[in-house]
Each structure stands twice: as structure tokens, then as C-alpha cells.
Amino acid sequence: MASNYTENYGLCQWEATDQVLRTEFNEDNRKVDEALSKLNCRVYTTGYTGDDSASRTFTFPHKPVFVVIIGGECLMVAIRDYATANFLNNHTVHRNISVTWGENSISWACDTNYPIYSVNSSARTYQLLVLMEVA
């Protein structure tokens, strides 16, 4: 039987001398499952290859609320309902990129001819990490 328990969910924390019981594992799994079911957020990941266009649109299974795009030497972060996203690269360039939010989508565009600022350089691979609201 566990000697200690975690502060937030009361999950078992066994000492080396504790006897580990299957029933404790099952109860911990039930607690974790219950806690996760109460979240109203889901994680979604995808990727794309840049094509040098000045804009890009993605549609997701649910409403996106936070989007991070990482690729090569750049990073873009967008937060739901803000009209701009922050762009950073390893040359310490910082730009605001225009963002449009749809019900289940995000579109962005850059006002420059440099595809790197559109997070869309040709043949470069990008990864998206998206937090989606799930009612």
C-alpha cells in the first residue's frame, strides 16, 4: 500500500518498502481519467511544407485558441481573438503578423515579400502545436 500521495489528485507515491497493489493502480487511473475528462482543451499537432506564399490557412477539428508554429529558425505564436501573432527568428527579428480567426480555423499573412516572415519558406518544414477548445 502506498505511503504517500500527490498533492493535487491524491495519486499513489510508493516508497521502496511499500507493497504495490493493483487496486491502487486502477484507482489512480480512474482519478486521472476523471480529471482529463473535465478539461475543455485538446492538443492537436500537424505539419506542412512551406510554398513561399504570403499567407496560409489551417482548419482544425475544433476551435483553436492557441497556435504555435515552429520551423527552421523561426517561431510564431498566436492567441485567439488577437489580430496579430508574434514572429521571432534566431536573428532576433520580431514582427507582428496579421491573423484572422475563423470558428475552426486560423489564417495569417505578412506584409512583406520575404516568405520567412510568413512562416512559409519554400521547402522548409513547419510544425504546428494547437490548443483547441472543446465544449
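The values are calculated or read from the model by the stated rules, or taken from the named source; none is laboratory data. The structure presented is a predicted model; accordingly, all values stated were derived computationally and were not measured. Ideal geometry is used to build each Cβ from the backbone, glycine not excepted, and the neighbour counts take in all protein chains shown. Heads up: the accessible areas ignore ligands, DNA and RNA and are worked out on the full protein's heavy atoms, side chains in. Shrake-Rupley method; radii C 1.70, N 1.55, O 1.52, S 1.80 Å.
Residues in the stretch 20-33: is at least one open to solvent by 70 Å² or more (accessible area, probe 1.4 Å) and assigned to a strand (DSSP E or B)? Scanning the stretch 20-33, I find no residue that is open to solvent by 70 Å² or more (accessible area, probe 1.4 Å) and assigned to a strand (DSSP E or B), so the answer is no. Scanning the stretch 42-53 turns up no residue that is among the acidic types (Asp, Glu) and within 23 Å of Val134 (Cβ to Cβ). Return the residue satisfying two criteria in turn: it lies in the stretch 85-120 and is at pLDDT 80 or above and outside any strand (DSSP E or B), and of such residues it is nearest to Thr45 (Cα to Cα). Step by step, filter the stretch 85-120, then rank; the result is Asn104.
Among the residues of the stretch 66-84, the ones that are under 18 Å from Gln127 (Cα atoms), open to solvent by 40 Å² or more (accessible area, probe 1.4 Å) and part of a strand (DSSP E or B) come to 5 in all. Can you find even one residue in the stretch 45-63 that is free of Cβ contacts under 8 Å to residues at least 24 places away in the same chain and either within 30 Å of Ala2 (Cα to Cα) or open to solvent by 80 Å² or more (accessible area, probe 1.4 Å) (or both)? No, the stretch 45-63 contains no residue that is free of Cβ contacts under 8 Å to residues at least 24 places away in the same chain and either within 30 Å of Ala2 (Cα to Cα) or open to solvent by 80 Å² or more (accessible area, probe 1.4 Å) (or both). Taking the numbered list (1) surrounded by fewer than 18 Cβ atoms within 10 Å (Cβ to Cβ); (2) in contact (Cβ under 8 Å) with a residue 24 or more places away in the chain in turn, Trp101 passes all entries but (1).
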